[in-house]
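Single-structure report; data block below.
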Amino acid sequence: MSDTALLSINSLTKAYPGVVANDSVAFKIQPGEVHALLGENGAGKSTLVKMIYGLVRPDSGSMDFMGAPYAPTEPRAARSTGVAMVFQHFSLFEALNVAENIALGMENPPKPRDLAARITEVSEAYGLPLDPDRLVGDLSAGERQRVEIIRCLLQDPKLLIMDEPTSVLTPQEVEILFHTLRKLSAEGTAILYISHKLEEIRTLCDEATVLRLGKVVGTCDPKTTSAAEMAELMVGKSLATPARTDASHGEVIFKVSGLSVEPANPFGTPLRHIGIELRAGEVLGIGGVAGNGQDELLAALSGETPTAPGAVTLMKEPIGHTGPNERRQMGILCGPEERLGHAAAPDMSLVENALLTARHRKSLDRNGFLDWKATRKYAEDVIETYDVRTPGPDNAARSLSGGNLQKFVIGREIMQDPKVLVVNQPTWGVDASAAADIRQAILNLAQQGAGVIVISQDLDELLEVADNFTALNEGRLSNTRPTNGLTMETIGLMLGGAHDMHDAAEAAHV
Amino acid sequence: MAIDPVTLMAALIVASTPILLAAIGELVVEKAGVLNLGVEGMMIIGAVSGFAIAVQTGSPTLGFLAAAVGGALLALIFGVLTQFFLSNQVATGLALTLFGLGLSSLIGESISGATPPPVARLNIPGLSEMPVLGPILFSHTAMVYFSVALVIAVWAVLKFTHVGLVLRAVGENHDAAHALGYKVIRIRLMAILFGGACAGLGGAFFSMVRVPQWTEGMTAGAGWIALALVVFGSWKPGRVMLGAYLFGGITALQLRLQAAGIAIPVELLAMSPYLITIIVLVIMSSGKSRAALNAPAALGKVFHATG
Amino acid sequence: MFKLEKRPSPSKPWILATPILAVILTMIAGGLMFAALGKNPFEAIRIIFWDPLFSQQFAAYSRPQLLVKAGPLILIAIGLSLGFRAGIWNIGAEGQYIMGAIAGASFGLTFYPTESVWVFPGMVIAGALGGWAWAMIPAILKTHFRTNEILVSLLLVYVAEKFLASAAVGFLRNPEGSGFPGSRQLNRIEAFSNPELIANTGMHWGVLLAFISVIAAYILLNKHLVGYQIKLAGQAPRAARFAGVNPTRLILLCMGVSGILAGLAGVFEVTGPAGQISIDFNVGYGFTAIIVAFLGRLHPVGILLAGLLMALTYIGGELAQLMLGIPASAIQAFQGMLLFFLLALDVLSNYRIRMRKEGVA
């Protein structure tokens, strides 16, 4: 047992009703070390960091920080000890400016003018330029993350916790971030890096602790351990990659051209001259960093936002002016990103949620009077076919885990036999085995001749399922390219908004 | 009969003060992300408790204090229900108004008809003797000056202080504020109590200065108008004050016009403050306005910390 | 310290139990209030809740009153509940009630004197239209300008009250009423009157319609697409749009239905129990109906029961005023308290309360 550890975690346990989120978790972080915390969704990573950051108190166990007992009761205590945290979500205020956001995360914020000067100074020192006076609501996802990082850096933390920091970044931005983190680590700041992306961890981290179902299942040196080995530790079994057969694609069935949409809310993204051609049997992947117009695009394709009639066509028929139900009748089905509240009503039962989109294609009503028996049957079919784990169809949607609800939502659409399926972030926050099932279902659907558009921020996912790839950046789509033979570098440029691929290719060679 | 512009302007300020007080309190509550529709109830409780205590003690100051306490106590019910019992804010606010109206008439039963001690005018030496401006601006009760000072204080606190920043942050995104370690519920409770105290003072201004007497339901929708003023002012103290004076002007003018026997039906004049409030609301909410941007993003949403 | 845990699904037993528990708690708190007023709390509670139905002395008069008072409350609350379920807050039912009454009475009185049997149905339709039109103002302002319907519908109550005053002393004033404000006695003119249908029950056309509305709302909410859309829009507005629900149409529908029902309640009241348009014929049914709607859990059957209960507190309140000198306003506070307890207890159906050792939020 070495006394040099910066933070030692000694058998922390935290239980919630029905689930032990952390079960005797123990490991150590050394000063200046980049330590990976690896695990699937639901493995207990976020509970653990919440305990380190003082947001949640452990049921039992203890922590030591620099040799002294450490039991923060609130984030303020954690911050004053030298622990800072960059959140994945939920810690910025859109209507406040950068400086105000940063002041809110500090113990004793200096006067506004001094703070602005400090922000500029630190942001330049670490290669993360930021304007203190801009509204956070107007910033891109990558810039928002900088706000979070600078907020932490201004407090000279000894330990910096980063929760899934790269999920909102382009590959190029990831490079910049890693550069910053390496610099911090060289200066002696330890970093606890939470992720499920194995390649990243292999490039960045010195040590990795793997969590599964709340328990530490192993530690390893990521530099010398293969991604496959780590994946097996993390998931507990080896996963089959979805099988796909290269098939020739049919006619263009679904076409979008010159689609421009103004955003409905002040912080939304406008869509600009979107053009898409989708063939029967094709899976088109649309990549892009969060907040570049994904929601708006899905709404325009689903019919929630009506557009000019000719902007969207199905089999050459203009349908841009039609609403969601008319499109469903024609065979265009969608699965939005937000499961609870958009794709499904949280407090309604699965039966009621089955009715949400399947009324027309499954004939679940007569003149407006609902056929609950048939609806229940359909919900049960979806539950059975897609292996949705739930006590029964009468349970509320929000009682299901993310993965199970997503299987239900995607299954509900696919079992209606769509001609065109559009899904946004189909496996976000879903555990690995459910994600694999969902991807397989998407491929099977295309196999049967439907066209599928997969909008996702997970590039690995797109490379796995998509035949063709295009990127969404600030509401514009890049040119479409076949997925085969795309390099990460090119993808990065496409995501970053290099719309002319000729230039991009040149830039890539510089 | 001609209408004297000087007394009209002075009356305007008197008519505006109660709704200004209530509105500035509600602004703070809404900035913290809470929608309390019980302003009318808190005002009427303030009106009756202020009146009762002032009559009992003979001290208007104690009366106003009691009004603030009364309003805050009623607001506390709202705070406990919405913050700890996570009840729906719209329904709870309505309940507060209904309960406040009932309770106030119950309390007021025994004191109706009494005369409150006169609230002294605070003539500001030197200034109050000025022609025109003197009687309009510098010859009012202390509460009028207090309301203006309060607006300035709220503006300054929200804009320049850390407390104000935290309050705005809580109203903007309570999950983020919680993640940073701010006590969302405690901050909101304080704001709710402040709002209640302000509404109580506003109500007492009715029963002790403007009317001055106690009659059932005497606030006659002023609380609702105060709520509308917050929207009208797009959550900015200065604009809320402007709105309150505009509204007060209309009220004062229509009363003068009624008295002057102008050939406009009395009922139409009496309706005019409400109608104009509606029209202003429509103007403020139409268009892709800045007003919508200023609305605190977490307004009316239930906060429940998980974990 | 205790802490709340969200239940995976709302608890059915608690949904049923909380209104009953709320009534019991209100009786206790109300009893304390009556005690503070220097009255015997047990006697007061008995007079309010028991005597109107079972005392030999009063029941003969009070029992029919139960339906008379519950009718408009249920009718209005059913309309409001549809909107509340959809997240559309029409709280100006009192104004729609007044305008319905004025519209109905005006229609009838233009034919005075008449014996035509068609006038009364015409008055009913005019009343429905009056309430509907008044509710359309906040509805259209909301759909076209996104103006807050809570504030507009409420402010329109005050406008309606002023209009009522001008009707009672102006264009509807009884020309043979020796100058007193108020219209002709509508319930004494056969062509205008809404009579008691079965003697000594209090049953009139409005009560009958209230019962029909309960059944219709039940079918709508449980068997029909529109009811499903209403619930969906209230619980998850984005999901509703995804399901193809047109929010504008839904707002117009919900506001319209609640306006119509409130207007009908108004016209049945002035042609029946109230008898005439007078400055203060409205006694706040439009506001009390909000309590009824919540107490009934926005469920048609619940509203039926809550309406009866609330009617009982009105009658019992009058009785308590007579017998014990408890002021009428005490009953209003009592009703407000009931809503507080209900809202507070609501938490039990959606959350589980757990004790814990130390307090961390």
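Quick note: the coordinates plus some simple rules give every number you see, no bench work behind them. This is a predicted model, so every value here is computed, not measured. Note: ideal-geometry Cβ built from the backbone for every residue, glycine included; neighbour counts use all protein chains shown.
Could you work out the relative contact order of chain A, using alpha carbon pairs under 8 angstrom and six or more residues apart, expressed as a whole percent? Intermediate results must be reported in sequence, preceding the final value.
Details: 1027 pairs, mean separation 72.7, N = 510.
After rounding, I find 14 percent.
Sorted by mean Cβ packing within 10 Å, highest first, what order do the peptides A:39-47, A:365-373, C:220-228 take?
Values: A:39-47: 22.6, A:365-373: 13.2, C:220-228: 18.2.
Top to bottom by mean Cβ count within 10 Å: A:39-47, C:220-228, A:365-373.
Round to the nearest 0.05 the FRET efficiency obtained for residue A:183 and residue A:321 when R0 = 60 Å and r is the Cβ-Cβ distance.
Details: r = 53 Å, r/R0 = 0.89.
That pair, residue A:183 with residue A:321, gives E of 0.65.
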query: What does the helix-only formula give at 222 nm for chain C: each DSSP H stretch with n ≥ 4 adding -39500 (n - 2.57), the total divided by the residues, and the result rounded to the nearest 500 deg cm²/dmol?
result: -23000 deg cm²/dmol
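What is the extension gain from residue A:24 to residue A:389, computed as 0.36 nm multiplied by their sequence separation minus the C-alpha to C-alpha distance, in nm to one decimal?
Working: separation 365, 0.36 × 365 = 131.40 nm, distance 2.75 nm.
Using 0.36 nm per residue and subtracting the Cα-Cα distance, I get 128.7 nm.
Which of the DSSP-defined H helices in chain B satisfy a minimum axial length of 30 Å, computed from C-alpha atoms, and a minimum mean Kyte-Doolittle hydropathy of 0.0? Before the final figure, lay out the partial values.
Details: long enough: B:5-31 (36 Å, 1.61); B:184-205 (32 Å, 1.60); B:237-260 (34 Å, 0.77).
Those that pass (Cα extent of 30 Å or more, hydropathy at least 0.0) are B:5-31, B:184-205, B:237-260.
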message: Can you compute the radius of gyration and Dmax for region A:284-405, using only the Cα atoms, both in Å?
response: 15.9, 46
query: Can you list the lysines whose alpha carbon is less than 16 Å from that of residue A:158, not counting same-chain residues fewer than 8 positions off?
result: A:28, A:183
query: In degrees between 0 and 90, to the nearest 10, how far off the longest principal axis of chain A does helix A:402-414 point, with axes built from Cα atoms?
result: 20
task: Any aspartates and glutamates with Cα under 16 Å of the residue A:50 Cα? List them, leaving off those in the same chain fewer than 8 positions away.
output: A:23, A:59, A:64, A:74, A:163, A:164, B:175
query: Which helices, taking whole DSSP H runs in chain C, have alpha carbons extending 24 angstrom or more along the helix axis plus mean Kyte-Doolittle at least 0.5?
result: C:12-36, C:59-85, C:93-110, C:119-145, C:149-169, C:205-223, C:247-271, C:300-324, C:328-345
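Just to be sure I understand: of the beta bridges DSSP finds with both ends in the protein assembly as shown, what percent are antiparallel, rounded to 5?
On the way: 48 of 84 bridges.
Of the beta bridges lying entirely in the protein assembly as shown, close to 55 percent run antiparallel.
Quick check on packing: order C:67-74, A:283-290, A:455-462, A:127-134 by the mean number of other C-beta atoms within 10 Å, highest mean leading.
Values: C:67-74: 27.2, A:283-290: 24.9, A:455-462: 21.0, A:127-134: 15.5.
The peptides rank, most packed first, as C:67-74, A:283-290, A:455-462, A:127-134.
Which whole-number percent is the relative contact order of chain C (Cα, under 8 Å, 6+ apart)?
On the way: 633 pairs, mean separation 127.5, N = 361.
Contact order relative to length: 35 percent.
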query: For chain A, what does -39500 (n - 2.57) per DSSP helix run (n ≥ 4), summed and divided by total residues, give at 222 nm, in deg cm²/dmol to the nearest 500?
result: -10000 deg cm²/dmol
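Would you please name the GluC sites (Glu not before Pro) within region A:50-115 that are DSSP coil residues with at most 16 other C-beta atoms within 10 Å of their C-beta?
Values: sites: A:94, A:100, A:107; in loops: A:94, A:107.
Filter output for region A:50-115: A:107.
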- prompt: Taking every residue in C:162-174, how many Cβ atoms of other protein chains lie within 10 Å of its Cβ, on average?
  reply: 2
query: Can you give the angle from 0 to 90° between the axis of helix A:372-385 and the longest principal axis of chain A, with both taken from C-alpha atoms, to the nearest 10?
result: 60
message: Quick check: from the Cα gyration tensor, does the protein assembly as shown come out rounded (a/c under 1.5), prolate or oblate?
response: prolate
- prompt: Around residue A:335, which amide H atoms from residues at least 5 apart in sequence, or from another chain, sit under 5 Å from its own amide H, with H modelled in the peptide plane?
  reply: A:422, A:423, A:424
- prompt: For region A:392-430 and region B:65-89, what is the separation of their Cα centres, given in Å?
  reply: 42
field: Between 0 and 90°, nearest 10: helix A:171-186 axis offset from chain A longest Cα axis
entry: 10
Per-residue Cβ neighbour rank within 10 angstrom, fewest leading, C:146, B:256: C:146, B:256
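Got the relative contact order for region B:18-65 handy, in percent, Cα pairs under 8 Å and 6 or more residues apart? Don't jump to the answer; show the numbers that get you there.
Values: 24 pairs, mean separation 10.6, N = 48.
Relative contact order of region B:18-65: 22 percent.
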task: Over 22 Å between C-alpha atoms is what I'm after, so list which of A:407/C:12; C:142/C:223; A:377/C:223 land there.
output: A:407/C:12; C:142/C:223
- line: With a Förster distance of 41 angstrom and the Cβ-Cβ distance between residue B:112 and residue B:133, calculated FRET efficiency to the nearest 0.05 equals 0.65
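Calculate, for residue C:3 and residue A:68, the FRET efficiency according to 1/(1 + (r/R0)^6) with r their C-beta to C-beta distance and R0 25 Å; round to the nearest 0.05. Intermediate results must be reported in sequence, preceding the final value.
On the way: r = 29 Å, r/R0 = 1.17.
Once the sixth-power term is evaluated, E becomes 0.30.
Would you mind giving the mean number of other chain beta-carbons within 10 Å of the Cβ of each residue in B:272-285, as a whole number? Working shown, then result.
Numbers: counts 2, 3, 10, 5, 1, 4, 10, 2, 1, 7, 8, 2, 3, 9.
The shielding value for this peptide is 5.
Across the residues of C:222-231, average count of Cβ atoms on other protein chains within 10 Å? Can you show the working numbers first?
Details: counts 2, 6, 5, 9, 1, 2, 9, 1, 0, 4.
Counting Cβ atoms of other protein chains within 10 Å of each residue's Cβ and averaging gives 4.
Output the peptides C:48-56, A:482-490 sorted from most to least packed, where packing is the average of other Cβ atoms within 10 Å over each peptide's residues.
Values: C:48-56: 16.4, A:482-490: 13.7.
Going from most to least packed, we get C:48-56, A:482-490.
In region A:199-345, how does Rg compare with the Kirkwood Rh, expressed as the Rg/Rh ratio over alpha carbon atoms? List each step's numbers first, then the result.
Numbers: Rg = 21.2 Å, Rh = 18.9 Å.
Radius of gyration relative to Kirkwood radius: 1.12.
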- prompt: How many angstrom separate the Cα center of region A:1-54 from the Cα center of region A:204-231?
  reply: 13
